[in-house]
Amino acid sequence: MPDLNQRASIALQDATLQQALNRTMEHFVQGRLQAFAALPHGEALRDQARRIRAHTIAHLDEHLLALERSAQANGTQVHWAADAAAARKIVLKIARENDVRRIVKSKSMLTEEIELNATLERAGLDVLETDLGEFIVQLAHDHPSHIIAPVVHWRVEDVAKLFHQHLGSPLDADIPQLLATARSALREGFLQADMGVSGANFAVAETGSVVLVTNEGNGRFVTTTPRIHVALVGIERIAPTLRDLGTLLQVLARSATGQALSVYTSIITGPRRSIEEDGPEQVHIILVDNGRTRALAGDLAEILYCIRCGACLNVCPVYHNIGGHAYDSVYPGPIGIVVTPAIGGLAPWRELPQASTLCGACVEACPVRIDIPRMLLKLRAQSVAEGYAPGWLQKGVRLYARAATHPRLFRWAARLARIAQWFAPRSQGWSRRLPGPLAAWTKTRAFPPLAGASFSEQWEKRSHQ
Amino acid sequence: MSRVRVQFFITCLLDHLYPHIAQDVVTVLERQGVLVEVPAGQTCCGQPAFNSGFWAEAASMARHFLDLFADAEGPIVCPSGSCAAMVKHHYRDLFADEPEQLARVEAVAARVREFSQFLVEDLGVEHAGGRRARYTYHPSCHLTRELGVRGPAETLLDHIPGAQRVPLPEAEACCGFGGFFAVKLPVISSAMMNRKLANIEATKADVCVVCDASCMTHMNGGLIAQGKSPIVKHLAEVLAES
C-alpha cells in the first residue's frame, strides 16, 4: 500500500484531477461566504447551531431513546446496529423478509462507511445509486472523493465519455443532455424498485422523522416509490426538535453549497397511513454506532457535532491540492482525518492526523465551529504516546527539548549546527542539503544559515559594555 | 509620562537564524519610545514539539518560558503570530492538570502581544517606518485565525509614504510550512508552497511581507531553491528601513 506521500504525489500529477479541483473548489468557498454574508445574523445562527449540537451530543442517550419512542409511535421500525456488520445484516434481513430484488439508493456516506453496496450485490440484489454523482461513481466503479460532491474529481468531458460508453449518449453531450440521459436511466430504476435505501441528514427525536436534503429530488423518489424505505442513521445525527432542525438546515445548506435551503427537504414521518394513497408500506430506521460511542467516550466527542456539510474540505489547502482519494479513507479532508481515527481507531489510521498544517481554515469555515486543529493535536499526542512517531523525530524532539531547557546547551548546539552547516552545498548563502530526514526539506527548499552570533549573544555583549 | 516597558520574546528562529530582524524589532519599538527588555536565557516556546504530539517535552519548554517571563514586567511582545498563539492559547492545554502552573500560564498569556498588534492596537501607531516599494502581504495562519489579528500589518504598510500594497490572491491560504509537516509530508507541503509562490509572483510585488519568520523561511527557501530571489520579508525588517 503506497503511503500518504506517495498517494499525494499521484494526485498532484493527475492533471485531470487538478483541473477538476481548480474548477470547483473556489466556487464552493465563494458560495458559502456569500450565503452567510447575506444573512444579518449569520454568526449568531452558527453559535445557535453549535449549542444545539453540543447539547444533543452531551445528552445523546436520552435523545436516541426519545427518537425510538416517537418513531415507533409513527409505525416506523427501529433497529440498533453496533457496527458495520450488524447494520449490513439488518438491511439484508429486511430485504429477504420482503422478497426484495431491486434497491434504489439516495446518497449516503454512512452506507459508504459500512460498505453496504458490496454486501447487497453479493447477496444477488440489484442496487442502483440515484444521486447523479453516486450514479457516475457506481457506473465507473469509482469512489466518492468528497462528502457532498462525490464526483468533484470528475470533469464534465469525462462524464460524457462514461455515459457514451454505458448509456449511449453522444460523446460530446453537454450538461443538459447528460442530465436527460441519467434521468431516463434512473426513472426506470425508481419504478421497478422494491426497496429504497437512504441515509439521513438528521433524525428528529421529537417527531421520529428522518430528514433528507437533496438538490435532485432523487431522495424523495427513493423514499416514496418503493414498498419499503430503510434509512441508515448515524447515532449522532439527531435533531432533538423540529425547531432545532430549522436552525441546522439553515446552516447546512449555506455551508455546503451556498444555498439558503437545499432544493428538496423531505421530512419522513412513518410509513403510508390508511388514509394515504402514496408512500412506503414500511419505514425502517437503523441506528448505526460503528465506533461513534468510542469517540463520544474520549477526547474527540466534539467531532460528532459534524453535520457533514463539507465546508472544511472546500477550504482546506491540503484537500484542495490532493483531492479526496489520496486520504484513502471514506471521509476525506479535515473532518475525515479526525473522524476516521476517532471512530475507527488510531492504529490503522495513524498517518491521517499528520495531513494538516494546523492552519485553522477548517474551524473558521465549520458551521458548528468544531475545533479540528485542537483534535488533531490530541490525536498526534496519542500517536506519540502509542509509539507511532518515527524514531528520528522522537530522538530529535527529546534532544531539542533537553537543550531548550538549558540555555547554555542550546547555545552550544546552535554553534555546532553552525559549523556542520559549512559542509552543505549552498545557494545564495542558504544550504541546499540537510542531513537525514531533513533532506525532505531541502529537496524543494533551501535552509537559511545559522547566524555567527545569536541575537541574545549580541544583546548580552552590548549590555555588558 | 513614563515609557512603555516591554519584554521581548525573541523566538528561536529570529534569535538564531535572523538576529538582524530581532534587532529590527527592537529598533522599531525604540523609535516609538518603548523601553525594550530582553529576558536572558530564551530558547524555544515548545511549539514544534507540541504540534507534533510531544506534550511532555513541550511542557518542559513551556515551564522554562514561564520561568523567564512570569516575573518580568509589562507586555510580552512577540514578532511571530504562531509563537504568540502557542503561549496565548496552547500552554493551558499542557498544564490542564496543574492548577498552580495554570495560574502562571493565564497571567503570562494575558500579557502576550504579537508585534504588529502591539504597535497598532496598543500603541496606536500607524506609521512606524518603511521605504516606498510595491508590497504584498501574506497573512500568516496562526496570526489571523488563532490570534484573530487581521489588519494591523496592513495598516502599517499602508502608512509607508509612497508605498503601494497590492492584494495577494488566495491571501489567507497556508503557505504549506506547518512545522514538521513540511518534512513529514513534503510533497503536499511543496505543492502548497508552489501555489503561494505563484500567487506572490502574480502580484509583481517587490516585497512580500509576513509576520512570521517560519513562513518567511519556507517561502524564501522555496524561492532560492527555484533560483529566484528571496523577496519575502518580516514586517519588522520592512519597518526598520527608513
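Could you please give the count of residues in region A:282-307 that are among the charged types (D, E, K, R) and part of a strand (DSSP E or B)?
Of the residues in region A:282-307, 0 are among the charged types (D, E, K, R) and part of a strand (DSSP E or B).
Restricting attention to region B:123-138, which residues are in contact (Cβ under 8 Å) with a residue 40 or more places away in the chain, in a loop (DSSP other than H, G, I, E, B) and closer than 21 Å to B:R113 by Cα?
Selection gives B:L123, B:V125, B:A128, B:G129, B:H138.
Does region B:90-107 contain any residue that is surrounded by fewer than 20 Cβ atoms within 10 Å (Cβ to Cβ), in a helix (DSSP H, G or I) and within 11 Å of chain A (Cβ to nearest Cβ)?
Yes, that holds for at least one residue.
Could you tell me whether A:L39 is out of contact with any strand residue (DSSP E or B) (no Cβ under 6 Å at 6 or more places or on another chain), without any contact (Cβ under 8 Å) to a residue 40 or more places away in the chain and over 30 Å from B:L185 (Cα atoms)?
Judged against the criteria, A:L39 is not a match.
Table: residues versus (1) surrounded by 17 or more Cβ atoms within 10 Å (Cβ to Cβ); (2) touching a helix residue (DSSP H, G or I) at 6+ places or on another chain (Cβ under 8 Å).
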{"residue": "A:L171", "(1), (2)": "no, yes"}
{"residue": "A:F202", "(1), (2)": "yes, yes"}
{"residue": "A:V222", "(1), (2)": "yes, yes"}
{"residue": "A:H229", "(1), (2)": "yes, yes"}
{"residue": "A:L245", "(1), (2)": "yes, no"}
{"residue": "A:G258", "(1), (2)": "yes, yes"}
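In region B:143-159, what residues are crowded, with 22+ Cβ neighbours inside 10 Å and closer than 15 Å to B:H234 by Cα?
B:L143, B:P152, B:A153, B:L156, B:L157
Please name all residue pairs, on different chains or six or more residues apart, with Cβ atoms under 9 Å, provided the first residue is in region B:181-206 and is more than 7 Å from chain A (Cβ to nearest Cβ) and the second residue is of a type in the set (D, E).
B:R195/B:E170; B:K196/B:E170; B:N199/B:E170
What helices (runs of 4 or more DSSP H), lying completely within region B:173-242, carry at least 2 residues that are under 23 Å from A:E26 (Cβ atoms) and among the acidic types (D, E)?
It comes to none.
Can you confirm whether region A:364-379 contains a residue that is in contact with an Asp or Glu (Cβ under 6 Å, 6 or more places away or on another chain), at pLDDT 95 or above and crowded, with 24+ Cβ neighbours inside 10 Å?
yes
Do we have any residue at all in region A:204-213 that's out of contact with any Ser or Thr (no Cβ under 6 Å at 6 or more places or on another chain), surrounded by fewer than 21 Cβ atoms within 10 Å (Cβ to Cβ) and in contact (Cβ under 8 Å) with a residue 24 or more places away in the chain? Full working, then the answer.
Just the residues of region A:204-213 that are out of contact with any Ser or Thr (no Cβ under 6 Å at 6 or more places or on another chain), to begin with: A:204-205, A:210-211.
Keeping just the survivors that are surrounded by fewer than 21 Cβ atoms within 10 Å (Cβ to Cβ) gives none.
No, region A:204-213 has no match at all.
Could you please find all residues in region A:283-300 being surrounded by fewer than 19 Cβ atoms within 10 Å (Cβ to Cβ) and in contact (Cβ under 8 Å) with a residue 40 or more places away in the chain?
Of everything in region A:283-300, those that are surrounded by fewer than 19 Cβ atoms within 10 Å (Cβ to Cβ) and in contact (Cβ under 8 Å) with a residue 40 or more places away in the chain turn out to be A:T293, A:R294, A:G298, A:D299.
For A:S431, which of the numbered conditions (1) buried (at least 23 other Cβ atoms within 10 Å of the Cβ); (2) under 22 Å from B:I224 (Cβ atoms); (3) at the interface with chain B (Cβ under 9 Å from one of its Cβ atoms); (4) of a type in the set (S, T, Y) fails to hold?
Checking A:S431 against (1) buried (at least 23 other Cβ atoms within 10 Å of the Cβ); (2) under 22 Å from B:I224 (Cβ atoms); (3) at the interface with chain B (Cβ under 9 Å from one of its Cβ atoms); (4) of a type in the set (S, T, Y), the one that fails is (3).
Among the helices (runs of 4 or more DSSP H) confined wholly to region B:2-62, which include 2 or more residues that are within 21 Å of B:V120 (Cα to Cα) and under 20 Å from the mean Cα position of the chain (by Cα)?
Counting at least 2 such residues, we get B:19-31.
Return the residues of region B:23-73 that are surrounded by 17 or more Cβ atoms within 10 Å (Cβ to Cβ) and of a type in the set (D, E); say none if nothing qualifies.
B:D24, B:E57
If you take the residues of region A:434-465 that are polar (S, T, N, Q) and within 9 Å of chain B (Cβ to nearest Cβ), which of them is farthest from B:Q42 (Cα to Cα)? Before the answer, list the steps.
At the first step, the residues of region A:434-465 found to be polar (S, T, N, Q) are A:442, A:444, A:454, A:456, A:458, A:463, A:465.
Still in the list and also within 9 Å of chain B (Cβ to nearest Cβ): A:442, A:444, A:454, A:456, A:458, A:463.
Working: A:T442: 27, A:T444: 31, A:S454: 11, A:S456: 8, A:Q458: 13, A:S463: 16 Å.
Per the criteria, the residue is A:T444.
Kindly indicate whether any position in region A:373-380 is away from chain B (no Cβ under 11 Å) and of a type in the set (A, V, I, L, M).
yes
Yes/no per residue for (1) closer than 30 Å to A:V363 by Cβ; (2) under 21 Å from the mean Cα position of the chain (by Cα); (3) in contact (Cβ under 8 Å) with a residue 24 or more places away in the chain:
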{"site": "A:A15", "(1), (2), (3)": "no, no, no"}
{"site": "A:N22", "(1), (2), (3)": "yes, yes, no"}
{"site": "A:E43", "(1), (2), (3)": "yes, no, no"}
{"site": "A:E62", "(1), (2), (3)": "yes, no, no"}
{"site": "A:Q72", "(1), (2), (3)": "no, no, yes"}
{"site": "A:V78", "(1), (2), (3)": "no, no, yes"}
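Quick check on region A:405-428: of everything there that is buried (at least 16 other Cβ atoms within 10 Å of the Cβ) and hydrophobic (A, V, I, L, M, F, W, C), which residue is farthest from the other protein chains (Cβ to nearest Cβ)?
Ranking the qualifying residues of region A:405-428, first place goes to A:A424.
Confirm whether B:L223 is within 11 Å of another protein chain (Cβ to nearest Cβ) and out of contact with any Phe, Trp or Tyr (no Cβ under 9 Å at 6 or more places or on another chain).
Considered against the rule, which asks whether it is within 11 Å of another protein chain (Cβ to nearest Cβ) and out of contact with any Phe, Trp or Tyr (no Cβ under 9 Å at 6 or more places or on another chain), B:L223 comes out as yes.
The values are calculated or read from the model by the stated rules, or taken from the named source; none is laboratory data. Owing to the predicted nature of the structure, the values given are computational and were not obtained by experimental measurement. No Cβ is skipped: glycine too gets one built from the backbone with ideal geometry, and neighbour counts run over all protein chains shown.
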